[in-house]
Amino acid sequence: MAIRYWEYEDAPFKEKLKEPNVKEIAKVYFDNETKAYRFSKALSEVKKKGGIKLRDCGEELPIATWKRYLDFGVMIGILKHEDGIYSFTDRYSKPFRNVSLYIKAWIESKKEDDLSLLFANARIEKQTKRGGRVAAMPSKQQEQQDNQQEKIE
């Protein structure tokens with residue numbers, strides 16, 4: 001985790017509380033811009049809908065990515081996962097008191113963050129599949145077998 005000085009100092013923390021945004025939350029946990037963007041996307045969707053199921057997640061990220069970052073939110077205590085629904089929790093550990101106050105201020109704020117502006121350097125596009133089976137299209141061998149069956153009949 002990339003815990004920086006402002007989480008413990010009062011003056012910088014009070015300035016950040018004036019306009020909380022999801023980028024500051026994500027940057028506490030991720031140094032990588034793309035990972036921070038994906039985590040922010042997951043938190044923003046939970047904030048927007050109040051609670052989210054995996055099947056209700058958007059198409060901009062794969063379901064496995066949604067699950068990974070939502071489960072990370074559960075692991076660190078920002079989210080809870082009950083009855084298949086991810087939603088915010090209010091249980092935070094003591095060392096992260098200022099971080100938890102910042103997260104709570106962001107959740108309660110009515111302003112929606114524009115993630116494309118906050119994470120300008122993140123890779124936003126969906127990754128192409130790197131291997132495995134393609135269920136929608138039959139393989140070349142399957143096509144050849146089908147063609148042979150047609151010739152025999």
K67 at pLDDT 75 or above, assigned to a helix (DSSP H, G or I), on the phi < 0 side of the Ramachandran plot and in contact with a helix residue (DSSP H, G or I) (Cβ under 7 Å, 6 or more places away or on another chain): yes
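Rundown of residues vs (1) assigned to a helix (DSSP H, G or I); (2) within 15 Å of K18 (Cβ to Cβ); (3) at pLDDT below 75, yes/no style:
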position: V74; (1), (2), (3): yes, no, no
position: K80; (1), (2), (3): no, no, no
position: Y92; (1), (2), (3): no, no, yes
position: R97; (1), (2), (3): yes, no, yes
position: S100; (1), (2), (3): yes, no, yes
position: K104; (1), (2), (3): yes, yes, no
position: I107; (1), (2), (3): yes, no, no
position: K111; (1), (2), (3): no, yes, no
Any hit, region 27-44, residues being in contact with a strand residue (DSSP E or B) (Cβ under 9 Å, 6 or more places away or on another chain) and either at pLDDT 85 or above or surrounded by fewer than 17 Cβ atoms within 10 Å (Cβ to Cβ) (or both): yes
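The values are calculated or read from the model by the stated rules, or taken from the named source; none is laboratory data. Note that the structure is predicted; figures quoted are calculated from it, not measured. Glycine also receives a Cβ, built like all others from the backbone with ideal geometry; neighbour counts cover every protein chain displayed.
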